[in-house]
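J.: Attaching a single structure in structure tokens format; questions to follow.
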Amino acid sequence: MSDRESNRDAPALGRRLMRRCERGALATSFLGRPYVSLVLVALDLDATPLLLLSDLAQHSRNIACDPRVSLLFDGTEDHTDRLDGPRLTLLGQVATVSDARLLARFTARHPSSSAYAGFADFRLYRIAVERAHLVAGFGRIQWIDGADLLLSADVAELAEAEPAILVHMNEDHRAEINRYAQRLLGRTQTGWRMTGIDPEGVDLRCDGEAARLDFPAPVVRAEQARTALVRLAETARR
């Protein structure tokens with residue numbers, strides 16, 4: 001891969017890695033010292049990271065004093081040599097956000113969080129990404145500006161349509177969702193549900209297992225999303 005190709009593809013590679021990860025290592029400042037904790041992560045449609053944190057947790061106390069954070073996405077699980085696998089580290093600042101749509105995205109991604117999402121001491125946080133450091137493999141290492149990492153397209157229409165799309169797919173097209181997972185992703189179990197849709201693909205879940213299915217090309221409108229889902233279904237039937 002040339003330097004020019006690497007620079008162009010790095011943001012897409014970074015987002016693809018982020019969208020596949022359910023967990024991340026969150027680094028905050030504890031009296032000036034790095035403090036790292038494991039957190040569940042969901043993403044907004046543009047790939048902005050979302051966290052649901054308890055006020056009682058040490059990382060939340062740290063954030064109250066210093067909102068600067070770092071978040072590591074680890075995509076090395078399937079690699080024999082873990083250090084040859086992809087990972088991405090975000091730098092940014094985190095702040096609480098009151099947004100029912102974003103909270104719904106988080107709880108759909110992590111169904112177990114629904115049990116405590118409404119507790120008074122839990123808050124939804126949004127990370128304003130400033131920079132990202134991508135290690136895509138051996139010799140493929142570079143910094144990405146936050147504005148380049150996140151999708152810049154207007155995704156408002158798709159965000160508004162997402163709840164209806166999920167209801168429609170999960171109630172009327174369960175067989176198609178299972179085919180997505182089995183034929184396109186090689187998963188064997190049944191009972192898959194669609195938990196999210198964004199311009200670059202869909203998130204699936206079956207019990208405690210999550211899966212990601214990417215679109216061949218980005219979509220930003222509801223009709224484009226419908227077309228993409230139909231084409232995936234046609235591919236899965238072949």
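J.: Can you name every residue in region 183-238 that is within 22 Å of V41 (Cβ to Cβ), assigned to a loop (DSSP other than H, G, I, E, B) and of a type in the set (G, A, S)? It would help to see each step written out before you state the result.
T.: First pass over region 183-238, keeping only residues within 22 Å of V41 (Cβ to Cβ): 185, 187, 192-215, 218.
Still in the running and assigned to a loop (DSSP other than H, G, I, E, B): 185, 187, 192, 199-200, 207-208, 215, 218.
Within region 183-238, G208 is the sole residue that qualifies.
J.: Within region 196-209, which residues are at pLDDT 95 or above and either farther than 23 Å from L102 by Cβ or touching a Ser or Thr at 6+ places or on another chain (Cβ under 9 Å) (or both)? Talk me through it step by step, then tell me what you get.
T.: Start the filter on region 196-209 by keeping residues that are at pLDDT 95 or above, which leaves 196-206.
Result: V202, D203, L204, R205, C206.
J.: Does R123 satisfy the condition of being outside any loop (DSSP other than H, G, I, E, B) and within 26 Å of T96 (Cα to Cα)?
T.: Details: outside any loop (DSSP other than H, G, I, E, B): yes; within 26 Å of T96 (Cα to Cα): yes.
So R123 fits the description; yes.
J.: Moving to a separate point now. Any residue at all in region 28-49 that is of a type in the set (K, R) and in contact (Cβ under 8 Å) with a residue 60 or more places away in the chain?
T.: Kept after step one, since they are of a type in the set (K, R), are these residues of region 28-49: 33.
Next cut, in contact (Cβ under 8 Å) with a residue 60 or more places away in the chain only: none.
Among the residues of region 28-49, not one is of a type in the set (K, R) and in contact (Cβ under 8 Å) with a residue 60 or more places away in the chain, which makes the answer no.
J.: I need every pair where a residue in region 225-238 that is at pLDDT 95 or above has its Cβ under 6 Å from the Cβ of a residue that is surrounded by fewer than 13 Cβ atoms within 10 Å (Cβ to Cβ), sequence separation at least 6 or different chains.
T.: none
J.: Out of all the residues in region 24-41, which are of a type in the set (S, T, Y) and surrounded by fewer than 17 Cβ atoms within 10 Å (Cβ to Cβ)?
T.: The first filter runs over region 24-41 and keeps only residues of a type in the set (S, T, Y), leaving 28-29, 35, 37.
Y35, S37, listed by residue number.
J.: Follow-up question, since we're still on this one. Quick test of your reading of the structure: E130 fulfils all but one of (1) among the charged types (D, E, K, R); (2) touching a helix residue (DSSP H, G or I) at 6+ places or on another chain (Cβ under 7 Å); (3) within 30 Å of A233 (Cα to Cα); (4) surrounded by fewer than 17 Cβ atoms within 10 Å (Cβ to Cβ). Name the failing condition by number.
T.: So the condition that E130 fails would be (3).
J.: Just need a number here: residues in region 162-175 that are in contact with a Lys or Arg (Cβ under 9 Å, 6 or more places away or on another chain) and either aromatic (F, W, Y) or farther than 23 Å from L43 by Cα (or both).
T.: Total satisfying the criteria: 1.
J.: Please state which of the following conditions R126 fails to meet, knowing it meets all the rest: (1) of a type in the set (K, R); (2) modelled with pLDDT of 95 or more; (3) more than 15 Å from the chain's Cα centre (by Cα).
T.: If we test R126 against (1) of a type in the set (K, R); (2) modelled with pLDDT of 95 or more; (3) more than 15 Å from the chain's Cα centre (by Cα), just (3) comes out false.
J.: What are the pairs, 6+ residues apart or on separate chains, where a residue within region 99-125 that is within 19 Å of N170 (Cα to Cα) and in the same structural domain as C206 (by TED's automatic domain parsing) has its Cβ under 8 Å from a residue that is acidic (D, E) and modelled with pLDDT under 95?
T.: Correct list of pairs: empty, since none qualify.
J.: Also, I was wondering about something else. So for region 158-174 (the condition being part of a loop (DSSP other than H, G, I, E, B), among the charged types (D, E, K, R) and more than 23 Å from S113 (Cα to Cα)), does at least one residue qualify? Explain how you work it out, then say what you get.
T.: Of the residues in region 158-174, the ones part of a loop (DSSP other than H, G, I, E, B) are 173.
Next cut, among the charged types (D, E, K, R) only: none.
Within region 158-174 (the criterion being part of a loop (DSSP other than H, G, I, E, B), among the charged types (D, E, K, R) and more than 23 Å from S113 (Cα to Cα)), the answer is no, since none of the residues qualifies.
J.: For P163, all conditions in the list (1) closer than 15 Å to R105 by Cα; (2) touching a residue at least 24 places away in the same chain (Cβ under 8 Å); (3) surrounded by 15 or more Cβ atoms within 10 Å (Cβ to Cβ) hold save one; what is the number of the exception?
T.: Checking P163 against (1) closer than 15 Å to R105 by Cα; (2) touching a residue at least 24 places away in the same chain (Cβ under 8 Å); (3) surrounded by 15 or more Cβ atoms within 10 Å (Cβ to Cβ), the one that fails is (3).
J.: Give me a count of the residues in region 110-120 that are over 17 Å from the mean Cα position of the chain (by Cα) and assigned to a helix (DSSP H, G or I). Don't jump to the end; show me each part of the working.
T.: To start, the set of residues in region 110-120 that are over 17 Å from the mean Cα position of the chain (by Cα) comprises 114-120.
Next, only the ones that are assigned to a helix (DSSP H, G or I) stay: 114-115.
The qualifying residues number 2.
The values are calculated or read from the model by the stated rules, or taken from the named source; none is laboratory data. Please read these numbers as outputs of a predicted model, since none were measured by experiment. Virtual Cβ from ideal backbone geometry, glycine too; neighbours counted across all protein chains shown.
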